[in-house]
1. How many residues are surrounded by 11 or more Cβ atoms within 10 Å (Cβ to Cβ) and either in contact (Cβ under 8 Å) with a residue 40 or more places away in the chain or assigned to a loop (DSSP other than H, G, I, E, B) (or both) if we restrict to the stretch 66-114?
2. Any idea how many residues of the stretch 42-82 are hydrophobic (A, V, I, L, M, F, W, C) and within 20 Å of the chain's Cα centre (by Cα)?
Amino acid sequence: MRLESGFVSGFANISYMSVARTPLAEQIRVQSGLSQAELARRAGLPRSVVNAYVKGTREPGVETFSRLAAAGGLELRLDRRKPPVDAERAGRLLVQVLELAEALPFRPRADLDYPHLADRLAA
C-alpha cells in the first residue's frame, strides 16, 4: 500500500498521511497478478463479491482480507507504526508558546461587552 505523507508544519513537526485511494483488495489483486475471477476462485468467494471489494463499493472484513491475500500469495501482518508527531518536540514547542503567551502584556477590561454568566443564568 502506498502512503503519501507530507508536513502540515515543519515548525511543529506535525505531518499528515493520506492512504492511497486504491482499495486494498485491488492492491492485493494487482500485486498477485491474478484476474478478479482467479482471485475469487482461489479465495473461495463469488467473483461479484471480489469485484465489489476491488471497486471499493464493499469493504471486506479482516478474515476476508486474509483470505484474499493468501489466495494472491501474500500475507497480512501488523507492524508498529511511528506516530506522526514527535511528542517530545511538540511538548517543547508548547512550552515555548505558553512562555511567550505569559510574556505578552495583559490589560484586563473593566467592563465586559457581553452579560456576565451569573446574570444570564439568573434570568
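Quick note: the coordinates plus some simple rules give every number you see, no bench work behind them. Everything numeric in this text was worked out from a predicted model, so none of it was measured. Here Cβ is always computed from backbone atoms with ideal geometry, including for glycine, and neighbour counts include all displayed protein chains.
1. Residues in the stretch 66-114 being surrounded by 11 or more Cβ atoms within 10 Å (Cβ to Cβ) and either in contact (Cβ under 8 Å) with a residue 40 or more places away in the chain or assigned to a loop (DSSP other than H, G, I, E, B) (or both): 12 in total.
2. Count: 4.
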